[in-house]
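Everything below concerns the one structure shown next.
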Amino acid sequence: MKHNKYPKLFEKGYIGNLKVKNRIIRNSMGTYLADGNMYVGDRTIKAGAEAASGGAGVVFMDNCTIKEMYHMGLCAANDTYIPGLSMLAEAIKDHGALAGMQLSHPGRDTGFVGGTEVVAASSVTFEPWYEAGAALPKPLTIDEIHDLVDKYGQAALRCKKAGFDLVEVHGAGGCLPTNFLSPNDNQRNDMYGGSLHNRMRFLVEIVRSIKKYCGNNYPISIKLSIDDCEPNGIRVEETVEVAKVLEKEGVSMLNLMMGTHAVVYPSTGFYDINIYLSQAKQIKDAVQIPCIVGLGVQTASLAESILESGQGDFIALAKQEIADCNWPNKVKNNQEDDIRPCIKCLVGCTDNGIIGHHPIRCAVNPTVYKYYEDKYPQAKVVKNVAVIGAGPAGMEAALTLVKRGHKVTVYEKRKIGGTLHEASSADYKKDIKLFINYYEKQAQKYHLNIIQEEATYDTIVNGGYDACIIATGGKPRTLDVNGLETGKVTYALNYLNGEVKFDGENALVIGGGITGAEVAVELAKEGKKVTIIEVMDQFLALPSAVIPAYQMAVEQAGVKVITGHRLDYVDHDQAIIVDRFGNKKELKADGGIVISAGFMPQLELQEKLEEETDIEVYTVGDAKKVRQIIDATHEGYAVARMI
């Protein structure tokens, strides 16, 4: 029977000879859940079962290397890996999904995932990585290429023996096949370099090797970067031709993505998904085999429209499945308000996981992969708890407390979401609005008692509370600078929430962090000439995968950046900045000065309550220490579990 709201999404489909119960694919993503030797462990099995229970038609969990190396995923290099792989495949199938396994060799990206044996088509890597000290790949010899081709086939056979219904070759994202496909990365002058025909030879030989070992009827998917978004790299015109050849070689499905591990801005809110969808349509129109699309898909309405318009045949969910592995079932059962939405921050999955070499976490879901404890254990003693602040830390704490059976009162002087509202004001961060909406709907569902007022010491002391969680967020760091009162001066939050706007042509932003960059881009959209003043020697000096996207946005907006300077004083429409040597510059500021100097924790209320009362007191999120959304949600959840 057709689904009444999303008929295409829950329509049966086919991948080769496999019948799929719906059009939802849990896309592969490295999790670091395996044991230290890349064998399948209990956590990986539980994650696979959990993803399948969530309702996806096909589940690809971690990818699986074809040879032993340090890696974030699994391995199928020899037969000793088969027993563990078989338990994973069985767990996925026992919980209602088809089991897929992605085969991978990271190639030039080996160092990116923590490995040391870096090989590729040529001794070429992503230039910013090289400038940051990354090792150049060792060019593969012909014999080594043939050996790796054979290893792909052997690894696929082991996955087939383990019970996986299909395999996928990771031919995207900067992995080894893309090092051959890319005209920039591949500088060879033999049979594996030069023309596109030669550059795709390695990938074609991998397909033939898998078919040799597994038979012609065993389904193979190939993951391709439509456009790798790197200079002089892979472009859609060549990917269309590669897709045609792969179809002739008997590939059953194509999994289409954009970018690489080095260029991740297509996975952020800065990227226009319509560019991806239009290029995916070019490939889909060129072949008869099904194509998976799904870059940045969070909502069922978008997924349905993609399928309805013929831009793809299956929808891939990776980061969104990490945020909420029950996405398919919740959509199917009309429970979309209960879906935790991915906000495309890349912090838990990429910064902490892939780059940080830790098991994946998620900014919007603090329970991800925590199989060592009950998520919401029932309270042994029901307590009356006050939560001050309804931002991400406070809301996560309040909802966790309610689910555990406590009586909860939330005090919020503005509205649910707190400073998430300012954080979501820019169009490229609109996904955070989905997170705010999630908290609003959950507050209604669990009948949270939310009082719209600013809680004080007396409020808590006179409220009869057993415990109090302070989640008031950080307070803006103010600047002690002469002349601020003479100019058009405000702070970042006041600008981002629309409280303050300035006329004038020349605007200054004091502070070169992420918030400062966001303010600068928005000011530039108003037609202003914008300059960022950063006291440090480096602009956006943060170790995050999303930073290049901000740098690109600032550059494209025409924003000027001056580092190594601080604001000295303001004289009406003029600002004077100074460097560490005392050298001063005068800048026009008739279009306003927005101060984005960061935030400071607020610990005063906790200290007073602890000194003068017996109430259990906890401070979480930025009120405790200024950090990121992921720290707020995880801390709110963790503290609420302890009460």
* To do: Scan 495, 465 and give me the residue that is modelled with pLDDT of 95 or more, among the aromatic types (Phe, Trp, Tyr) and closer than 21 Å to residue 551 by Cα.
  => 495
* To do: Would you mind finding the one in 314, 270 that is aromatic (Phe, Trp, Tyr) and buried (at least 23 other Cβ atoms within 10 Å of the Cβ)?
  => 314
* Structure fact -> Filter segment 11-59 for residues that are within 24 Å of residue 346 (Cα to Cα) and charged (D, E, K, R); the one that is modelled with the lowest pLDDT is 35
* Structure fact -> Those residues of segment 141-196 which are aliphatic (A, V, I, L, M), in a helix (DSSP H, G or I) and either under 14 Å from residue 107 (Cβ atoms) or open to solvent by 50 Å² or more (accessible area, probe 1.4 Å) (or both) amount to 142, 145, 148, 149, 176, 181
* Determine, yes or no, whether residue 361 is out of contact with any Cys (no Cβ under 6 Å at 6 or more places or on another chain), closer than 19 Å to residue 44 by Cα and among the charged types (D, E, K, R). => yes
* Asked: Among the residues of segment 92-105, is any assigned to a loop (DSSP other than H, G, I, E, B), open to solvent by 10 Å² or more (accessible area, probe 1.4 Å), touching a helix residue (DSSP H, G or I) at 6+ places or on another chain (Cβ under 9 Å) and modelled with pLDDT under 95?
  -> no
* **Number of the condition not met by residue 581 [criteria: (1) open to solvent by less than 40 Å² (accessible area, probe 1.4 Å); (2) more than 30 Å from residue 429 (Cβ to Cβ); (3) aromatic (Phe, Trp, Tyr)]** => (1)
* Asked: Which one is nearest to residue 349 (Cα to Cα) among residues in segment 61-76 that are open to solvent by less than 10 Å² (accessible area, probe 1.4 Å) and part of a loop (DSSP other than H, G, I, E, B)?
  -> 73
* Structure fact -> Among 225, 221, the single one that is closer than 18 Å to residue 101 by Cβ and small (Gly, Ala, Ser) is 221
* Structure fact -> In the set 455, 492, 524, the lone residue that is hydrophobic (A, V, I, L, M, F, W, C), more than 22 Å from residue 426 (Cβ to Cβ), touching a helix residue (DSSP H, G or I) at 6+ places or on another chain (Cβ under 9 Å) and touching a residue at least 24 places away in the same chain (Cβ under 8 Å) is 455
* Structure fact -> Counting only residues in segment 320-361 that are aliphatic (A, V, I, L, M) and touching a Lys or Arg at 6+ places or on another chain (Cβ under 6 Å), the one surrounded by the fewest Cβ atoms within 10 Å (Cβ to Cβ) is identified as 339
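Here is a yes/no grid of residues against (1) closer than 25 Å to residue 617 by Cβ; (2) among the β-branched types (Val, Ile, Thr); (3) buried (at least 24 other Cβ atoms within 10 Å of the Cβ):
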position: 363; (1), (2), (3): no, no, yes
position: 367; (1), (2), (3): yes, yes, no
position: 377; (1), (2), (3): yes, no, no
position: 381; (1), (2), (3): yes, yes, no
position: 405; (1), (2), (3): yes, no, no
position: 413; (1), (2), (3): yes, no, no
* Of the numbered conditions (1) modelled with pLDDT under 95; (2) more than 23 Å from residue 191 (Cβ to Cβ); (3) out of contact with any Cys (no Cβ under 7 Å at 6 or more places or on another chain); (4) crowded, with 19+ Cβ neighbours inside 10 Å, residue 109 fails exactly one; give the number of that condition. => (3)
* **Count of residues meeting criterion [within 23 Å of the chain's Cα centre (by Cα), open to solvent by less than 30 Å² (accessible area, probe 1.4 Å), over 14 Å from residue 26 (Cβ atoms) and small (Gly, Ala, Ser)] in segment 297-311** => 1
* To do: Name every residue in segment 82-91 that is surrounded by 24 or more Cβ atoms within 10 Å (Cβ to Cβ) and touching a residue at least 60 places away in the same chain (Cβ under 8 Å), in order of residue number.
  => 85, 88, 89
* Does segment 458-476 include one or more residues that are touching a helix residue (DSSP H, G or I) at 6+ places or on another chain (Cβ under 9 Å), of a type in the set (Ser, Thr, Tyr), closer than 28 Å to residue 510 by Cβ and open to solvent by 60 Å² or more (accessible area, probe 1.4 Å)? -> yes
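The values are calculated or read from the model by the stated rules, or taken from the named source; none is laboratory data. All of these numbers come straight from a predicted model, not from anything done at the bench. Cβ atoms come from the backbone with ideal geometry, glycine included; neighbour counts cover every protein chain shown. These accessible areas exclude ligands, DNA and RNA; they are computed on the full protein's heavy atoms, side chains included. Shrake-Rupley method; radii C 1.70, N 1.55, O 1.52, S 1.80 Å.
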